[in-house]
Amino acid sequence: MNSDRSTGFLDNLKASACIHCGLCLASCPTYVETGNENLSPRGRIYLMRAMDKGLIPTTENSAIAIDSCLGCRACEAVCPSGVRYGELLEETREHLNRSVHRGWKESLLTKVFIEGILAHPERMEIALTPARWIKQTGLDRFLPASLREPLSFIDKKRPAQESLPSVSRTTRATQRGKVALIVGCVMDVMFRETHRSTIRLLLNGGYDVVIPQAQGCCGALFSHGGNMLEARRCAIKNLAAFEVSDLEAVVINAAGCGSTLKEYGTLLGQDPKWAQAAMAFSAKTRDLSELLDPEWIEWKPPQFGKVTYQDACHLAHAQRITEAPRNLVKRVAGGAYVEMPESDLCCGSAGSYNLTQPEMADRLRRRKTGHILSTNAEVVVTSNPGCLLQMRAGIHAAKRDDIQVLHIADFLAAHLPD
């Protein structure tokens with residue numbers, strides 16, 4: 001490829017902030033697993049800048065290191081220079097999408113399945129029908145492990161899909177205002193009961209809850225893959241659906257979505273029509289754990305044995321929220337709480353990463369499963385749907401289906417007063 005076409009895609013002010021000190025290395029899952037400098041944050045930034053300056057061509061080979069990045073942003077949390085690695089990664093992936101010809105299998109996976117189905121709840125529900133039929137008939141036992149394990153987290157029967165109430169009002173004496181709930185894509189199809197748990201928690205905390213009906217995908221699946229045009233379209237649709245001026249907060253219970261929602265101001269910062277609304281929306285967005293004080297509710301006694309917590313990357317690293325969810329889990333679990341080794345190292349899900357990079361995702365899943373087993377916990381709590389599915393698959397592969405992996409909303413809701 002002509003190197004002239006490989007220049008000008010990167011914000012060099014952001015890229016030049018990296019001083020290549022290497023403090024990010026121990027936090028990068030792919031570097032920790034491989035010890036390969038090319039698969040580290042500073043190695044990838046070297047590569048990004050070289051492509052941007054035309055020093056190396058933009059080809060499938062030069063894209064390998066970028067494609068293998070989880071986008072977990074653990075490097076950002078430890079970077080002394082404040083490098084905005086997530087934005088550099090999105091800019092580079094957007095460039096690769098324009099410049100590198102992908103094979104038909106990768107294009108089918110990304111454009112048809114991830115962007116064409118996962119980001120659309122109604123299409124996802126249809127797509128899950130054959131998988132449920134395979135499990136109902138028992139044909140899954142004849143499938144190879146690589147196909148059988150992903151089916152392990154899919155229920156045989158279609159879960160109850162009664163509509164969520166558009167408005168729910170608290171009966172608590174302490175009124176804390178009105179919040180709006182983002183229902184998302186995967187969460188709305190596969191974890192709607194978690195939304196019900198979320199609503200119960202907010203009502204018990206003293207909030208009124210509304211669910212705007214015109215909302216859509218937050219855009220995370222698109223932005224993490226470098227499809228920034230579609231990510232901006234998703235953001236604009238949500239901005240039009242939410243009136244934030246009379247809200248205490250916009251609530252999200254999925255960590256990956258939350259980081260994108262909080263960055264709408266950056267995503268649409270150059271849009272003269274939507275920049276101000278995007279900033280206001282992001283300023284009001286809160287993870288569920290940020291809104292709940294563990295002392296507001298009289299919790300039931302612990303319902304489980306040992307309990308541990310796994311940090312979802314986009315909550316711990318992108319949003320820098322680690323204490324709030326832990327405090328909630330510890331308050332309920334009491335002395336049964338145990339900390340997990342490497343709790344903030346990515347489990348390998350990373351949005352759609354476990355689909356596009358299955359080998360590395362499997363290595364990280366096995367690493368995470370080993371740490372879960374080392375705690376002897378009966379329950380693992382986390383705050384992102386991808387993490388839930390990845391760890392459930394890991395627990396199933398380890399033949400330890402006695403261990404539950406629960407969303408924090410479901411774990412807390414199980415301990416609400418009757």
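The values are calculated or read from the model by the stated rules, or taken from the named source; none is laboratory data. The model shown is predicted, which means the values in this text are computed figures rather than measured ones. Backbone-built Cβ (ideal geometry, glycine too); neighbour counts: all protein chains shown.
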(request) Mind telling me which of the residues ALA413, ALA409, ALA318 ends up being within 14 Å of the chain's Cα centre (by Cα) and hydrophobic (A, V, I, L, M, F, W, C)? (result) ALA318
(request) Scan the range 342-368 for residues that are within 19 Å of GLY35 (Cα to Cα), of a type in the set (A, V, I, L, M) and either more than 17 Å from the chain's Cα centre (by Cα) or not in a loop (DSSP other than H, G, I, E, B) (or both) and report the count. (result) 3
(request) Could you look through the range 30-59, keep only residues that are touching a residue at least 40 places away in the same chain (Cβ under 8 Å) and of a type in the set (Asp, Glu), and pick out the one that is farthest from LEU96 (Cα to Cα)? (result) GLU33
(request) Give the range 406-418 a look and list any residue that's surrounded by fewer than 24 Cβ atoms within 10 Å (Cβ to Cβ) and among the aliphatic types (A, V, I, L, M), or say none. (result) LEU406, ALA413, ALA414, LEU416
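Going by the conditions given, is ALA278 closer than 18 Å to LEU247 by Cβ, within 22 Å of the chain's Cα centre (by Cα), of a type outside the set (D, E, K, R) and loosely packed, with under 15 Cβ neighbours inside 10 Å? I'd like the intermediate steps shown before the answer.
Details: closer than 18 Å to LEU247 by Cβ: yes; within 22 Å of the chain's Cα centre (by Cα): yes; of a type outside the set (D, E, K, R): yes; loosely packed, with under 15 Cβ neighbours inside 10 Å: no.
Criteria not met by ALA278.
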(request) Would you be able to say whether some residue in the range 210-217 is closer than 20 Å to VAL189 by Cα and in a strand (DSSP E or B)? (result) yes
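Report whether or not ASP362 is buried (at least 17 other Cβ atoms within 10 Å of the Cβ) and touching a residue at least 40 places away in the same chain (Cβ under 8 Å). Step through it out loud before you land on a result.
On the way: buried (at least 17 other Cβ atoms within 10 Å of the Cβ): yes; touching a residue at least 40 places away in the same chain (Cβ under 8 Å): no.
For ASP362, the condition - buried (at least 17 other Cβ atoms within 10 Å of the Cβ) and touching a residue at least 40 places away in the same chain (Cβ under 8 Å) - is not met.
Return yes or no: is ASP140 modelled with pLDDT of 75 or more, assigned to a helix (DSSP H, G or I), charged (D, E, K, R) and within 22 Å of the chain's Cα centre (by Cα)? I'd like the intermediate steps shown before the answer.
On the way: modelled with pLDDT of 75 or more: yes; assigned to a helix (DSSP H, G or I): yes; charged (D, E, K, R): yes; within 22 Å of the chain's Cα centre (by Cα): no.
Spelling it out, it is not the case that ASP140 is modelled with pLDDT of 75 or more, assigned to a helix (DSSP H, G or I), charged (D, E, K, R) and within 22 Å of the chain's Cα centre (by Cα).
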(request) Among what's in the range 317-341 and is among the small types (Gly, Ala, Ser) and out of contact with any helix residue (DSSP H, G or I) (no Cβ under 7 Å at 6 or more places or on another chain), pick the residue that is nearest to LYS262 (Cα to Cα). (result) ALA333
(message) Please determine whether any residue of the range 336-343 is among the β-branched types (Val, Ile, Thr), surrounded by fewer than 16 Cβ atoms within 10 Å (Cβ to Cβ) and not assigned by TED's automatic domain parsing to the domain that holds TYR264.
(response) yes
(request) Go through the range 307-349 and give me each residue that's under 15 Å from ALA74 (Cβ atoms), in contact (Cβ under 8 Å) with a residue 24 or more places away in the chain and among the hydroxyl-bearing types (Ser, Thr, Tyr). (result) SER343, SER349
